[in-house]
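Below is one structure; the comments refer to it alone.
Taken together, the values in this text are just the output of simple stated rules run on the coordinates, not laboratory data. Predicted model only: the values in this text are computed from it and were never measured. Quick reminder, even Gly has a Cβ in these numbers, built from the backbone with ideal geometry, and neighbours come from all protein chains shown.
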Amino acid sequence: MAYRLLTMIGLVLIVFAFFSPIWWVSLRAPQYPDTAFPQGIRIHFHIDGVFSGCKKIESAEKSEDEALDCKHEMDAINHYVGMYPIAAGGPVERTVSPFLFSLLVVMLLAFVIPNPKVRLGFFAVSCAAIAVWMSMALYGKGGVLLMSPNYISDFRDTMELNFDEYANWSALQTLQESYTEALGRYFRDRVVIAERVDLMMTIAHGVYWLILAGMAVLVVGLWKIRQFYWLLILIPALIPVFFVIEYAAWLWWFGHNLNDMAAFSVKPFMPTVFGDGKVAQFTTYSYPHYGYGMLFGAGLALGLAALIRRKQMADEDE
C-alpha cells in the first residue's frame, strides 16, 4: 500500500499543478514605484497559458476599478528592446499540455495496477481515448472548445476575441492564429512571420504524431518488455526537470531573437531563469510559484514510490 499511496499523492499533486501557476516573473523600475506597483509588473506562467499576476490596488496613492493587465504591460515594455510578446513562447507546448498531462495521470494509474494483463488493457484503452480526444481537439471543427479552460482564456483575452469568433476553430487553427498575432503585434515583417508560423505548424503536426507514436511504443513495451513498467513512474517523476529545461530554452529564444525594428538596440542576452537579474533600468525577478512546488513534491513522492516498488518486486523474485 505504501507505493500506491505515494503514487496517488504524486498523481494528485500533478493534477493540481496543472491548474496552478508554476513560475512567476516580475519587472521593477523607477517608473513603477512600489506604492503603485507593490509586486512590480508581474506575470504567472501556467502549464497551458500565461496570465497577469497583478492584483487590484486600493490605497491612498492609487485606486483601480480593475487590476492592471501586467501581461500586456510586460509585452509593451519588452517590445522596446525587440522582444516578441509572451504569447510567442511555447505555443505547441501549451496546446498539447492537456493531453500530455492526461497521459501522465494514466501512466501513474497503470503503475499501481499489479496484474500485468489488467494494467496493459487499462493503459491501452486509456491511450486510445486520449488519442481520440487529442485528434478531435487539434483537428476537429470547434475542437478548441475541448481544450482546458486556461488555454481558452489565455488566447481569448490576449487576442480580445468574442466566443463566436473562435467557436469553430480547431486547436491547431487557434495555435496558428494566436502565434501569427503574437509575432505581428509589434513587428510586422510578413516574410519572417510567415516562415516562423509555417515552421511552428510543422512542429505541431510532428508533435501530434510523436505523441501517438510514444503511446503506441509504451503499449507495446508494456506488453513485451518488463522494464517498460518503470517508465510509467519515472517519466512523471521527471516533469519538474522537463519544465525547467523548456522554460530556460524559451527564455533563451526570447533573448536571442530580438527584432531589428526595436526602438532600442541591445545585445542578445539570456533572461534570468532563476533569481534576480538586470536589464537596462529594469530589475527582473524569476522564481518558482506554488505550482512548481507541487510538481517538485510529486517528483519526490514518485521517486520514493519507485524505490519502494523496486524493493518489493526484488523481494518477490527471491
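Listed values, structure above:
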{"quantity": "Descending Cα extents along the principal axes, region 112-155, whole Å", "calculated": "43, 20, 8"}
{"quantity": "Table column - 3J(HN,Hα) (Hz), region 211-225, Karplus curve with 6.51, -1.76, 1.60, x for Gly and Pro", "calculated": "5, 4, 5, x, 5, 5, 5, 5, 5, 5, x, 5, 6, 9, 10"}
{"quantity": "The chain, helix-only ellipticity at 222 nm - DSSP H runs n ≥ 4, -39,500 (n - 2.57), divided by all residues, nearest 500", "calculated": "-20000 deg cm²/dmol"}
{"quantity": "Computed Kirkwood radius, in angstrom, where 1/r is averaged over Cα pairs of region 1-62", "calculated": "14.2"}
{"quantity": "Long-range lysine pairs (8 or more apart or interchain), region 2-317, Cα under 30 Å", "calculated": "13"}
{"quantity": "Cβ-derived FRET efficiency at R0 22 Å, LYS141 paired with THR180, nearest 0.05", "calculated": "0.65"}
{"quantity": "Extension gain from TRP252 to ILE203, taking 0.36 nm per residue of separation minus the Cα-Cα distance", "calculated": "15.8 nm"}
{"quantity": "Whole-Hz ³J(HN,Hα) from phi, Karplus 6.51 cos²θ - 1.76 cosθ + 1.60, for region 116-129, glycine and proline x", "calculated": "x, 5, 5, 4, 5, x, 4, 5, 5, 5, 5, 5, 4, 5"}
{"quantity": "Residues whose placed amide H lies under 5 Å from that of TRP23, excluding near-sequence neighbours", "calculated": "PHE45, HIS289"}
{"quantity": "Translational diffusion of region 165-318, µm² s⁻¹ [Kirkwood Rh, Cα pairs; Stokes-Einstein; 20 °C; 1.002 mPa s]", "calculated": "108"}
{"quantity": "Cut-off 15 Å, label 7 Å out along Cα→Cβ of GLN312, residues of region 100-124 by amide N", "calculated": "108-116, 119"}
{"quantity": "Label point at MET270 placed 7 Å out along Cα→Cβ; residues across region 230-255 whose backbone nitrogen lies under 15 Å", "calculated": "244-255"}
{"quantity": "Alpha-carbon gyration tensor eigenvalues x 5, square-rooted, for region 2-317, Å", "calculated": "38, 24, 18"}
{"quantity": "Ratio of Rg to Rh over region 118-256 (Cα coordinates, Kirkwood Rh, two decimals)", "calculated": "1.03"}
{"quantity": "Sites TYR290 and PHE228 - FRET efficiency at Förster radius 45 Å, r taken between beta-carbons, to 0.05", "calculated": "0.85"}
{"quantity": "Cysteines, the chain, no other Cys beta-carbon under 4.7 Å", "calculated": "CYS127"}
{"quantity": "Angle in degrees between helix 239-256 and the longest Cα principal axis of the chain, rounded to the nearest 10", "calculated": "30"}
{"quantity": "Inter-site label distance for ALA129 and ARG188 at 7 Å from Cα along Cβ, in nm", "calculated": "4.8"}
{"quantity": "Förster radius 25 Å - calculated FRET efficiency between PHE19 and GLU160, Cβ distance, rounded to 0.05", "calculated": "0.55"}
{"quantity": "Globularity index of region 190-254, i.e. its alpha-carbon radius of gyration over 2.2 N^0.38 Å", "calculated": "1.54"}
{"quantity": "Derived scalar couplings ³J(HN,Hα) [region 133-148; Karplus, 6.51 cos²θ - 1.76 cosθ + 1.60; whole Hz; x for Gly, Pro]", "calculated": "4, 4, 5, 5, 5, 6, 10, x, 5, x, x, 4, 6, 8, 7, 5"}
{"quantity": "Mean projected area (nm²) of the alpha-carbon convex hull when region 239-282 is viewed from all directions", "calculated": "3.6"}
